[in-house]
Amino acid sequence: MVKRLSRGLWNYRRVVLVFVSPLLLLPLPLVIETKEAECAFVLLLMAMYWVTEVIPLSMTAMLPAILFPMFGIMKSSSVAKEYFKDFHFLLVGVNCFVTSIEKWGLHRRIALRLVSIVGVNPAWLMLGFMCGCAFISMWVQNTSAVTMVMPIVEAVLQQILKAKEERCAGEDNLNLQFDETDDSTEKIKDIVSDRKQPDVPKETFSCVQIQSMSEPAAAAVRVPSAPSRRKQDLMMCKAMCIGIAYSSNIGGIATLPGTSPNLIFSEYLNQIYPNCNCINFGNWLLLCLPISVIMLLLTWIWLYWLFIGSDFKFLWQRGGEQAEKEKAVRKVIEDEYRSLGAMSSQEIFTGVLFLVMVVLWLTRSPGFMPGWASLFPHHLGYITDANVSLMLGLLFFIIPAYGSSRKYEAMISWKEFQASMLWKVALLVGGGFALAEGTKESGLSLWLAELLTPLGDLPVLATITVACIIVTTLTEVASNAATITIFLPILSPLAEAIHVNPLYILIPATLSTSFSFLLPSSNPPNAVVFAYGHIKIMDMVKAGLGVNVIGILAVLLAVATWGVPLFSLDTYPDWAPVLPSFNSTTP
C-alpha cells in the first residue's frame, strides 16, 4: 500500500509541486499583508515554476495576468499591455529572415564556404565549423544554427572515420547522406524540444531516450563500431561536436537578436529606464563581438588541448602533404558545396536584404555620428530596430520567389513563417515584462534596493563577479530566458542601491545567462549534439567548466575596459533614479 502510494506520488510529482509551492509561500502575503509581500509571492512562485518547469514556462508567464489584479497590484488592462512590446515586432521581423534563409538553403552555403576557407586539418576544420555556427547563431536561434551545421559536421566525421578504416580516399560511399541527415535532425530536434524550451516541462535526456528513437533517426546518428575507432579519432569527434554546441551560444551573444536574453534585457531597459537610449544594435555589437571572438578562440584552443592534445604546431605549419583522411574530408566538403549549384536568385535576394537590414541597424543611431534616424527630427525616438526588421521582413511575403513563367508564390508563406516563429518565447518574455512592471508598481524593487545596500561596501567588480557566477549556475538548470527574467528585477535595484550604472551589472548578468555549457539538458543545442552519440555527459561537464570560466573572464574584461567608454560605465547616469539615502560607490 505504501509502495503503491509512493509510486503514485512520484508519478504525479509535478502536480503535487504545482499545489505545494503556493501553499509554502502563502504565509508571505497573509502574514505581512503589504503590496511588496504580495508581489514577492508572485515573483517567488514564478521562479519556482520556471526552475522546476512543472508547467510550461509560457503558461507560468501568465501568472501576473491572474494574480496581479487579484492582489490589487495592477489592473488587468495594464498587465495585458506588458505582454506585447517593441521586442515582439523585432522577433517577428527577424523570424521572416530566418524562415527565408532556412527555406532557400543560404545557411548551408555560408557554412560550407567558411569551412572550405580554413582547410581540412582537424584543428582548422573544427575552428571553421565553430566560426560558421557562431556566425549563423548571431542572426538565428541557437538551436536552429546547430541543426543547420550538425548534419554537415556528422557527414564529415563519418567520412574521416571511414577513410581511417578503409585507408582509401577514392571510395565515395558515405554512411550518411545530407538530405537524410536533415530529416533525421528534425526528428532529433523534436526529441530535444522537451529540453529547456519555454513551452514544455524539462525531462532528463538519457541514453535510453536516444536509443528509443525511430529507425531513420537511429540510423542517422549511428557511428562505426568501437573496434574501428581509434582513440584519436574519437577524441576529435568529441571536440568537434562539443565545439558546435558551444559556438552557437558564443555567437548568439554578439548581437541583440542573436539570443532571447539579449532582447529581454534590451526591452527591460526601455521599460524600466525609458530615458536610456544607450543600447542599440551598433554599440552592442561593438561590446559583444570582441567577447565572442575571444571566447571562440579560447574555447577552440581549450577543446583542442582537452580532447586532441597539446601539440599546437599546426598553428604555423599549414603546408605539407595531406593525409588520406584530410583528402577524404576535402572531397566530401567540395562535393557537397558543388551539389548546391550556382547561387539561386532567392538566395541572392535573401542575402542582399539581410545585409541591408544589418547596415540599417548599424547606422540608425551609431552614437559617434548622426544616423539616418536623424532624418526624422520631429520623430526622434520613434523609430527602432524593430521597425527596420519588420519593414524588410514584410517584403518576403510580397516579392515573388520565381519569375513570371511560374505561378505566383511569395518568398515565404505564412505557414512556413508560423512553423519557425517562437510564439511561446514571446509569451514568456511578456510575462517577464509584466513581472518587472509589477515589482515597480508594488514597491518591491525599492524594498530590494534597501535590502541590497550593504553590497555597496564590496568592490564593484567583485559584486559583478558574484552576480555572474550565480546567474551562470542557475542557467545550467533553468531556461536562459527564465533566468534573466528572474534576475533583471533583482539586479537593477542592486545597482541603484550601490549607486552604480545599472548597465555595469545588467550587461554581464545578461551575457552570463548564455553560458549554459555543462549538461546536455542545459540548453537545446547541447541536447541536439548529444543525441548524435559521439560524446558523454562527463565530456561536456569537463569541457563546460573551462568554457564557463573563459566566458566570465571575457565578460569581466570587456566591462572593465572597452565597455567603460562605450556606455560611460564609470558614471552614474541621469536616466537612472538617484537614491540619496543609500551608500554611494562608483566603479
How many nm is it between the label spots at residue 5 and residue 338, if each spot is 7 Å from the Cα in line with the beta carbon? 7.3 nm
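Where does the charge balance sit around residue 35 when Lys and Arg score +1, Asp and Glu -1, over other residues with C-beta under 12 Å from its C-beta?
Values: positive: 440; negative: 33, 36, 38, 441.
Charge balance in the 12 Å sphere: -3.
Expected output is a single nm value to one decimal: the length gained when fully extending between residue 394 and residue 458, i.e. 0.36 nm times separation in residues minus the C-alpha distance. What is it?
Numbers: separation 64, 0.36 × 64 = 23.04 nm, distance 4.99 nm.
Gain on extension, residue 394 to residue 458, equals 18.1 nm.
Against the empirical 2.2 N^0.38 Å scaling, what ratio does the C-alpha Rg of the range 479-520 come to?
1.26
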How high is the relative contact order of the range 31-159, given as a whole-number percent (alpha carbon pairs under 8 Å, six or more residues apart)? 14 percent
Highest average packing first - 563-574, 2-13, 252-263, 527-538, Cβ atoms within 10 Å: 252-263, 527-538, 563-574, 2-13
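What translational diffusion coefficient, to the nearest whole µm²/s, does the range 519-581 have by Stokes-Einstein, given a Kirkwood radius computed over alpha-carbon pairs, a temperature of 20 °C and 1.002 mPa s viscosity? Each step should come with its number before you reach the end.
Details: Rh = 15.1 Å.
D, rounded to a whole number, is 142 µm²/s.
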So how far apart, in nm, are the two label points at residue 575 and residue 234 if each is 7 Å from Cα heading toward Cβ? 5.4 nm
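If each residue of separation counts as 0.36 nm, what is the full-extension length gain between residue 66 and residue 379 once their alpha-carbon separation is subtracted? Provide the component values of the computation, followed by the final result.
Values: separation 313, 0.36 × 313 = 112.68 nm, distance 3.64 nm.
Using 0.36 nm per residue and subtracting the Cα-Cα distance, I get 109.0 nm.
Would you mind working out the accessible area per residue for the range 449-540, using a 1.4 Å probe, and quoting it in Å²? Could you put the intermediate results ahead of the total?
Details: 2200 Å² over 92 residues.
Computed with neighbouring chains in place, this is 24 Å² per residue.
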Highest mean packing first, using Cβ neighbours within 10 angstrom, the peptides 295-308, 135-148 sort as 135-148, 295-308
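What does the charge add up to near residue 93, with Lys and Arg as +1, Asp and Glu as -1, over the other residues with Cβ less than 13 Å from its Cβ? If you can, show how the numbers build up before the last one.
Details: positive: none; negative: 86, 385.
Residues close to residue 93 contribute a combined charge of -2.
Past 18 Å, Cα to Cα: identify those pairs from 231/536; 75/440; 35/424; 231/327; 81/415; 85/424, in the order given. Walk me through the numbers on the way to the answer.
Numbers: 231/536 14 Å; 75/440 14 Å; 35/424 29 Å; 231/327 20 Å; 81/415 27 Å; 85/424 15 Å.
Table pairs above 18 Å Cα-Cα are 35/424; 231/327; 81/415.
Just to confirm a number: summing +1 for Lys and Arg and -1 for Asp and Glu over residues other than residue 438 whose beta-carbon lies under 11 angstrom from that of residue 438, what do you get? Write down the numbers at each step before the final one.
Values: positive: 35, 440; negative: 36, 38, 82, 437, 441.
Once all neighbours under 11 Å are counted, the net charge is -3.
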Mind checking the full-extension length gain between residue 441 and residue 469? Use 0.36 nm per residue of separation minus the Cα-Cα distance, one decimal, nm. 7.1 nm
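Rounded to a whole number of µm²/s, how large is the Stokes-Einstein D of the range 52-163 at 37 °C and 0.692 mPa s, given Rh as the Kirkwood radius over C-alpha pairs?
On the way: Rh = 17.4 Å.
Once the numbers are plugged in, D ends up at 188 µm²/s.
Can you give the FRET efficiency for residue 18 and residue 413, using 1/(1 + (r/R0)^6), R0 = 35 Å, r = Cβ-Cβ distance, to the nearest 0.05?
On the way: r = 39 Å, r/R0 = 1.10.
The value I calculate is 0.35.
Write out the GluC sites (Glu not before Pro) in the range 375-453 meeting two conditions: DSSP loop, and at most 16 other Cβ atoms within 10 Å of their Cβ. Spell out each step's value before the answer.
Numbers: sites: 409, 416, 437, 441, 450; in loops: 409.
Counting only loop positions with at most 16 other Cβ atoms within 10 Å, the GluC sites (Glu not before Pro) in the range 375-453 are 409.
The values are calculated or read from the model by the stated rules, or taken from the named source; none is laboratory data. Every value quoted in this text rests on a predicted model; they were computed, and no experiment measured them. Note: ideal-geometry Cβ built from the backbone for every residue, glycine included; neighbour counts use all protein chains shown. When the accessible area is computed, the model is the full protein with side chains, heavy atoms only, and any ligands, DNA or RNA have been set aside. Shrake-Rupley method; radii C 1.70, N 1.55, O 1.52, S 1.80 Å.
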